[in-house]
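Worksheet: the structure to be examined is printed underneath.
The values are calculated or read from the model by the stated rules, or taken from the named source; none is laboratory data. As the structure is a computational prediction, the values presented were derived from the model and not from experiment. Cβ: placed from backbone, ideal geometry, glycine included. Neighbour counts: every protein chain shown. The protein model used for the area step is the full one, side chains on, heavy atoms only, and it has no ligands, DNA or RNA in it. Shrake-Rupley method; radii C 1.70, N 1.55, O 1.52, S 1.80 Å.
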Amino acid sequence: MSESIQSLLESVSKENRSFPPTPEFAEKARVRSMEEYEAEYQRSIDDPEAYWAEIASELHWFKPWDRVLNEDEKPFFKWFEGGKTNLAYNCIDRHIENGDRNKAALIWEGEPGDSRVLTYFDLYREVNQFANALKKLGVGKGDRVALYLPMIPELAIATLACARIGAVHTVIFAGFSSNSIRDRVLDCGARCVITADGGWRRGQILNLKSIVDEAVEGVDCIQEVIVVKRGHGDPFPCRIKEGRDHWYHRIVQDQSIHCEPEQLDSEDMLFLLYTSGTTGKPKGIIHTVGGYMVYAYQTTKVVFDMRKEDVYWCTADIGWITGHSYILYGPLQNAASVVMYEGAPNSPDNGRFWDIVEKYGVTIFYTAPTAIRAFMKWGEKWPNAKDLSSLRLLGTVGEPINPEAWIWYHKVIGADRCPIVDTWWQTETGGILLSPLPGATPTKPGSATLPLFGIDAAVLDDEGNEQKAGILAIRKPWPGILRGIYGDPQRFKDTYWCKWNGEYYFPGDGARTDEDDYFWILGRVDDVVNVSGHRIGTAELESVFIEHPSVAESAVIGVAHEIKGQGLVAFITVRENATADEKLEKELKDLVIKSIGKFAVPEKLIFSGDLPKTRSGKIMRRLLRDIAEGKALGNVTTLADPSVVETLRKKYQEQ
Ligand code: ATP
Ligand code: MG
């Protein structure tokens, strides 16, 4: 990378506001200062095996491990080899033994306003009864079980029941189509699907069962379909196929409330999860029991400063990795009370999330930048109408957060009081790798700041030299690292270990570091655009647009350009009450000139009502590139709303 590019990227990094933790927060935090962070970080890097063994000892093992880390068949790493444990046991039984039988484990809120609270003992009973029901059907260790459920308690219960008996769960977000389910079920050879006869979303009942029926039609590996009763038979009477389909409530009713947890090998498969498909066909990511368990436990404890007194709410769906690690496995291992919400943030109105925070006295709130941008668009009046004073910590995950959205979140939701943890990680990493520690790290809006304990991160060029801006790389394996792509070891090697002679894990994201060695994620490496030799991270240009008070959201892409190599196209969504006109276009261009430079002004600015997003809410820039280049669209199976693409394509052609 040349000098001029370096200096450019540094000039783009004009964000230098810094927010130290408040003394009130720091005083009581698990990690209270940068000195403490640095000392523990150094220890974790100098002797990772000793460090991780110490953390793992805080959990229950039926048999201790023989070896902490085995790198003999790199990149197929093994952690805690020889150890025997059970993750469901560590999430539930351990707390019951410690006297927390009656503490709320799950606080569930249904979209229509119904609610259910399950104590740790309730969860124990329900998980064990369902685990026994699965066993009775013949489901056992190593069998793949697909879950296609709304965000209802049974989703948590069924996931934990699989973990208890050693069945491999693969949770499929309940917004996916029957084709997407079929692809995943076939890819992993699932024997069983667990679904529901309905689920609420924006006042409507989703007809999940008929989507599953269509998905598994003629699929030989599927032997059982288990159906949770959530709908009310209207408007979708539920068809039960004799011999294959079973009502959930019937198969659990006579089961014992005790179920011996399977003593699993640390490297037994725990779950498969398909990535969100931002960059292409989803991959079946493999996580195993021991390492994932330890990593989810430790990162939850330090990043969310979690204690059992906390009422913790992560708004993700359990269908994504965030829901696995930070709704279920991390918080439950830490004995927190976990809020789980079934429905949409704008049902019945735009204030629903803040109703829930007030109603349950949520202390820790974790959401995605896309949600924060929606809250900004809807306006402050919604959160301002509720009592949010219980909140003590906020988090974000999923995409780079635009500094303006960060500031809004900090001020309007966090009342300038709550630290924000911007957590960078992936399905593949199992848990968070880069994040502030809320009692220690001064935060900067838009930066995921520093590596967590045991994470040796760097920014490199293609040759493996450290750079201020380039490609994010992780040097040492950590316990939560993926163990493979299901059925495709070659794709695993090609995707993550193709660079730098396989010496580093390659996450596929661009990043830069600043004068404090903080990391700033620039977006996917494929989203870094090269305009006349200037490399621009789309995330940073998008953040410039969002600074404008009329802009709600934007996506920037690079398209082929005869002279410049690549030119830029920006898609802009305006806020409610703002007008998309020539005046705004001019103001936005001026803003880019002022903030970055003339070369970064897009060739085209397109005002769009909406942007194509994955069902997890991420902008799919590759589809925007396909539109701009007039190509057939790539894989669209993970798109949330296919009509958005057609509308945009028309708009694009009109310009
Ligand atoms: P696919 O791999 O199929 O394209 P995906 O990468 O969107 O899908 P996930 O594993 O859910 O699937 O997302 C991980 C990616 O999300 C990261 O690689 C990164 O690009 C982005 N990301 C997550 N958290 C952050 C964050 N705090 N800041 C910036 N980017 C983030
Ligand atoms: Mg990815």
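Remarks
- For the chain, DSSP calls about 60 percent of its internal beta bridges antiparallel.
- Among the GluC sites (Glu not before Pro) found in region 234-270, those both in a DSSP coil and sparsely packed, with 14 or fewer other Cβ atoms within 10 Å of their Cβ, are GLU242.
- Here the chain has 47 percent of its accessible surface on carbon and sulfur atoms, given a 1.4 Å probe and all protein chains in place.
- Around ILE152: net Lys/Arg minus Asp/Glu count, Cβ-Cβ under 13 Å: -4
- Within region 290-348, all pairs of alpha-carbon atoms sorted by distance into 5 Å bins from zero give the percentages 4, 20, 29, 24, 12, 7, 3, 1, 0.
- Residue order for HIS258, HIS561 - accessible surface, 1.4 angstrom probe, largest first: HIS258, HIS561
- For the set GLU73, GLU629, the ranking by accessible area, highest first and with no ligand, DNA or RNA atoms included, is GLU73, GLU629 under a 1.4 Å probe.
- Mean Cα-pair separation over length for region 260-354, i.e. relative contact order, pairs under 8 Å, 6 or more apart, %: 22 percent
- Cα pair count fraction exceeding 47 Å, expressed as % - the chain: 12 percent
- Heavy-atom surface of the chain, accessible at 1.4 Å and reported per residue (Å²): 36 Å²
- Cα convex hull of region 135-261 - mean projected area over all directions, nm²: 7.5 nm²
- Over the residues of the chain, the helix contribution to mean residue ellipticity at 222 nm works out to -9000 deg cm²/dmol, using -39500 (n - 2.57) for each DSSP H run of at least 4.
- Pairs of Lys residues in region 532-654 that lie 8 or more places apart, or on two chains, and have C-alpha atoms under 20 angstrom apart add up to 23.
- Of the peptides 111-119, 301-309, 539-547, the ranking by mean beta-carbon count within 10 Å, highest at the top, reads 539-547, 301-309, 111-119.
- Taking all Cα pairs closer than 8 Å and separated by 6 or more residues, the relative contact order of region 80-156 comes to 23 percent.
- Cross-link pairs exceeding 23 Å in C-alpha to C-alpha distance, out of LYS209/LYS241; LYS74/LYS283; LYS28/LYS468; LYS74/LYS476; LYS103/LYS359; LYS78/LYS493, comprise LYS28/LYS468.
- With a Förster radius of 45 Å applied to the beta-carbon distance between ALA53 and LYS411, the computed FRET efficiency rounds to 0.60.
- Spin-label model, SER390 to GLU309: label points 7 Å out along the Cα-to-beta-carbon direction sit 1.4 nm apart.
- Dipole of the chain [Lys/Arg +1, Asp/Glu -1 at C-beta], most positive-end residue of GLY480, ILE205, SER57: ILE205
- In Å², nearest 10: area of VAL252 left accessible to a 1.4 Å probe: 20 Å²
- For region 246-349, the Kirkwood hydrodynamic radius comes to 16.2 Å, computed from all pairs of different C-alpha atoms.
- Surrounding net charge for THR278, when Lys and Arg each add one and Asp and Glu each subtract one, Cβ distance under 14 Å: +3
- Distance-filtered residues of region 120-139 - backbone nitrogen under 16 Å, label point 7 angstrom along ASP254 Cα→Cβ: 129-130, 132-138
- Take every pair of alpha-carbon atoms less than 8 Å apart whose residues are at least six positions apart; their mean separation over the length of the chain yields a relative contact order of 13 percent.
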